[in-house]
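**Q** My questions will all concern the structure given below.
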Amino acid sequence: VPTTTKGTATVSWARPTQNADGSPLTDLAGFVVKFGNSPTALTQRLPINDPAMTRYTVQDLGPGTWYFTVVSYTVSGVESDVSQVVSKTIS
């Protein structure tokens, strides 16, 4: 019986300090790591409810190329624009 290899990817980011208009960001609530098998279909979401966190390891990734991006969100639920999309291939 063949076994499926599961991989991990550690995603890291810089914590934002300003809103889009340049004003100080004072209500950061956390982040969402979005990922999927296509850079245009990042359909899986991992909410991180800790505004001090700057890295997360995604577990149980199957073989193939995975794409990741991160958004931050405020206490009122407003999400930032997505970060640059990065990828990792699991073999």
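**Q** Tell me, what ³J(HN,Hα) does each residue in segment 70-81 have, in order and in whole Hz, if you take phi through Karplus 6.51 cos²θ - 1.76 cosθ + 1.60 with θ = phi - 60° and put x for Gly and Pro?
**A** These are the phi-based 3J(HN,Hα) values: 10, 10, 9, 9, 9, 4, 8, x, 6, 9, 6, 5 Hz.
**Q** Also: Using modelled amide H (1.01 Å from N, peptide plane; none on Pro or chain starts), what sits under 5 Å from the amide H of residue 30, excluding residues fewer than 5 places away?
**A** Counting only residues 5 or more places away or on other chains, the set is 73.
**Q** Something else now. Highest mean first, how do 49-55, 5-11, 19-25, 30-36 rank when packing is the count of other Cβ atoms within 10 Å averaged over residues?
**A** 30-36, 5-11, 49-55, 19-25
**Q** Given a 1.4 Å probe and every protein chain left where it sits, what share in percent of the accessible area of segment 43-88 is carbon and sulfur?
**A** That fraction is 50 percent.
**Q** Could you derive backbone 3J(HN,Hα) for segment 36-46 from the dihedral phi with the Karplus parameters 6.51, -1.76 and 1.60 (θ = phi - 60°), listing whole Hz in sequence and x where the residue is Gly or Pro?
**A** Using θ = phi - 60°, the values come out as x, 8, 9, x, 9, 9, 8, 8, 9, 10, 10 Hz.
**Q** Now for a separate question. Where the centre of each part is set by its Cα atoms, how far does segment 74-90 sit from segment 5-46, in angstrom?
**A** Measuring centre to centre over Cα atoms gives 3 Å.
**Q** Would you grab the residues whose amide H sits under 5 Å from the one on residue 90? Only those 5+ places off in sequence or on another chain, please, with H modelled 1.01 Å from N.
**A** For residue 90, the qualifying residues are 64, 65, 66.
**Q** Per residue, how much accessible area does the chain have with a 1.4 Å probe, in Å²?
**A** Ligands and nucleic acids excluded, the result is 63 Å² per residue.
**Q** Quick check: pseudo-label points 7 Å beyond the Cα along Cα→Cβ at residue 18 and residue 46, how many nm apart are they?
**A** Modelled inter-label distance: 3.0 nm.
**Q** Just checking my list (1) 65, 26, 14; (2) 56, 23, 19; (3) 35, 29, 29 against Cα extents along the principal axes in Å computed from this structure; which label fits?
**A** Only one option fits the structure, namely (2).
The values are calculated or read from the model by the stated rules, or taken from the named source; none is laboratory data. Remember, predicted model here, so these are calculated numbers, not experimental data. Here the Cβ is made from the backbone with ideal geometry for all residues, glycine too, and neighbour counts use every protein chain on show. Ligands, DNA and RNA are excluded from the accessible area calculation, which covers all protein heavy atoms including side chains. Shrake-Rupley method; radii C 1.70, N 1.55, O 1.52, S 1.80 Å.
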